[in-house]
Every structure is written in structure tokens, then in C-alpha cells.
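Asker: Mind looking over this structure? Questions follow.
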Amino acid sequence: MKNIVLFASGSGSNAENIALFFRDNPDVEISYILSNRSNAGVLERAKNLNIRTFVFDRKMFLETDEVLSLLKKSDPDLIVLAGFLWLIPEKMVKAFPDKIINIHPALLPQYGGKGMYGDRVHQAVIDNDEKESGITIHYVNEKYDEGDIIFQGKCAVEKGDTPETLAQKVHLLEYEHFPRVIQQLLENQ
Ligand code: GAR
């Protein structure tokens with residue numbers, strides 16, 4: 001049995017899509033969805049999917065070992081950041097080498113780094129008149145958005161695109177590829 005722990009800060013549509021993808025797979029379990037926001041939409045989705053949740057604040061995350069202990073106890077094969085906006089502390093990265101992955105809504109190494117998330121990313125892509133954007137799935141290291149790239153998918157940025165319309169295209173790419181890439185990584189372990 002493979003075991004995934006998800007981290008999400010927001011709406012959680014990717015987390016839900018991943019959970020639905022693996023729902024009928026007896027060999028893969030989503031053991032937890034962890035969030036840093038007690039009012040995050042992902043928590044409602046987790047409840048509907050019958051997945052355990054755990055909510056933490058910045059102090060707990062950075063100054064205690066509570067989240068790290070929970071992860072160690074869960075013994076995940078993969079830790080998946082699906083719209084999680086905080087930097088992962090070094091001790092967590094070290095405890096799970098090559099087991100933490102993130103999805104970013106642009107083509108890294110461009111448009112990444114601290115503060116680059118959600119619509120801010122799409123606005124910057126549009127402001128710079130890019131013709132393409134997309135998604136990057138990558139391993140997580142101690143720096144924002146800098147770990148080794150696993151997969152990239154592209155979409156066109158068209159005249160008239162707004163952060164909202166670009167976000168929709170990017171989300172479609174995420175829904176199509178993220179679960180599939182996770183499945184491949186689990187199969188190759
Ligand atoms: C996704 O587009 C993901 O790529 C992005 O947050 C969104 C979460 O949407 N992640 C980042 O910006 C990380 N820097 P969701 O909550 O609906 O899954």
C-alpha cells in the first residue's frame with residue numbers, strides 16, 4: 001500500500017482531484033490532508049472525501065516538531081504540496097529526501113519564488129507578454145520553487161487572457177497531469 005500526504009492552503013481543487021483519481025485504487029491511500037488555514041476550502045473537500053485533516057499555524061509548523069512527527073508516523077511514500085504556500089522547513093526536507101513534490105502554476109525557473117502564487121503568477125506572465133505558460137511539478141528543496149523539475153506542461157497565453165482565464169487553463173493542465181505524475185512516481189519507487 002502506497003501512502004500519500006497532501007498539503008494545501010486554499011480551495012483544494014487539486015487535492016480533491018488527486019483524491020478522486022486514487023479513490024478506486026486499493027494500492028494507494030491519501031492518509032492526511034494538512035493545511036495551514038483553518039478556513040481553507042480544502043478542509044470541507046477533505047471532509048466530504050472522508051480524509052483525515054490536520055491544521056497547524058506558523059508557530060507550530062516552524063517552532064515545534066508536531067507536523068514532522070505526524071508525517072513520520074504516517075510514513076508517507078510521497079508528500080504532495082497541492083497549492084501550499086509556505087516554505088517547507090529544512091528539517092522536513094531532510095527527513096523526506098526526494099519524497100516531497102510541489103506543483104507551480106507557471107514554467108519554472110521563471111515566475112517562481114517567494115510571494116509568487118496563484119493570480120500573482122498569472123498577472124506577471126500576462127504583464128510580460130509571454131506567449132506560453134503552464135505548470136511545473138518539481139521536487140521540493142529548502143528554497144521556493146527551485147528543486148529538480150519532474151514534469152512541465154504548457155498552454156498558450158492569448159490576447160485578452162486575464163489572470164482568471166489563464167488560471168483556468170493552468171488548472172486544467174494540473175488536473176490532467178498531476179495525479180498521473182504522482183502515480184508514475186509511486187510506481188517507480
Ligand atoms: C494551483 O494552481 C497551484 O499550482 C498553485 O495554487 C493553486 C491551488 O489551487 N500553487 C502555487 O501557486 C504554489 N506557489 P487549488 O487550491 O484549487 O488546488
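Only the coordinates and a few stated rules stand behind these numbers; no lab work does. Worth saying up front: this structure is predicted, and the values here are computed from it rather than measured. With ideal geometry, Cβ positions are generated from the backbone for all residues, glycine too; neighbour counts draw on all protein chains shown.
Asker: Mind checking the full-extension length gain between Asn188 and Glu44? Use 0.36 nm per residue of separation minus the Cα-Cα distance, one decimal, nm.
Answerer: Fully extending the segment from Asn188 to Glu44 adds 48.6 nm.
Asker: Can I ask one more? Assuming R0 = 30 Å, what is the FRET efficiency of Lys59 and Asn3, from their Cβ-Cβ distance, to the nearest 0.05?
Answerer: The pair Lys59/Asn3 has a calculated efficiency of 0.65.
Asker: Assuming a ≥ b ≥ c are the square roots of the Cα gyration tensor eigenvalues, decide whether segment 1-68 counts as rounded (a/c under 1.5), prolate (otherwise, with a/b larger than b/c) or oblate.
Answerer: Verdict is oblate for segment 1-68.
Asker: If you don't mind, there's one more thing I want to ask. Set the Förster distance to 25 Å, then compute FRET efficiency between Ser11 and Lys154 from the Cβ-Cβ distance, nearest 0.05.
Answerer: For R0 = 25 Å, the calculated efficiency reads 0.60.
Asker: Considering amide H positions built from the backbone, and no H for Pro or chain starts, which residues 5 or more places from Asn3, or on another chain, come under 5 Å of its amide H?
Answerer: Close amide H contacts, sequence-distant or interchain: Glu29, Asp77, Leu78.
Asker: Moving on to the next point. Quick one: order Glu16, Glu146 by neighbouring beta-carbon count within 10 Å, fewest to most.
Answerer: Glu146, Glu16
Asker: Using only alpha carbon pairs under 8 Å that are at least six residues apart, calculate the relative contact order of the chain and give it in whole percent.
Answerer: Over the chain, the number comes to 19 percent.
Asker: Sort Met60, Met92 so that the residue with the fewest other Cβ atoms within 10 Å of its own Cβ comes first and the one with the most comes last.
Answerer: The order, fewest Cβ neighbours first, is Met60, Met92.
Asker: Using the Kyte-Doolittle scale, which helices in the chain average at least -0.5 and also have C-alpha atoms spread 18 Å or more along the helix axis, with helices defined as whole DSSP H runs?
Answerer: Span-like helices here: 163-187.
Asker: Between Asp24 and Leu172, how high is the FRET efficiency from 1/(1 + (r/R0)^6) when r is the Cβ-Cβ distance and R₀ = 22 Å? Nearest 0.05.
Answerer: 0.50
Asker: Still on this model: Just to be sure I understand the model, the point goes 7 Å from the Cα along the line to the Cβ. What's the resulting Lys143 to Glu90 distance in nm?
Answerer: Reported label-point gap for Lys143 and Glu90 is 1.4 nm.
Asker: Report the local net charge at Ala82: Lys and Arg +1, Asp and Glu -1, summed over other residues whose C-beta lies under 13 Å from its C-beta.
Answerer: -1
Asker: Taking a ≥ b ≥ c as the square roots of the Cα gyration tensor eigenvalues, with a/c under 1.5 meaning rounded and otherwise prolate when a/b beats b/c, else oblate, which class fits segment 90-189?
Answerer: Because a/c hits 1.5 or more and a/b fails to exceed b/c, segment 90-189 counts as oblate.
Asker: Using modelled backbone amide H atoms (1.01 Å from N, in-plane), which distant-in-sequence or interchain residues come within less than 5 Å of Gly147's amide H?
Answerer: Under 5 Å from the amide H of Gly147: Asn141.
Asker: For the chain, what does the helix formula give at 222 nm: sum of -39500 (n - 2.57) over DSSP H segments with n ≥ 4, over the residue count, nearest 500 deg cm²/dmol?
Answerer: Result for the chain, helices only: -12000 deg cm²/dmol.
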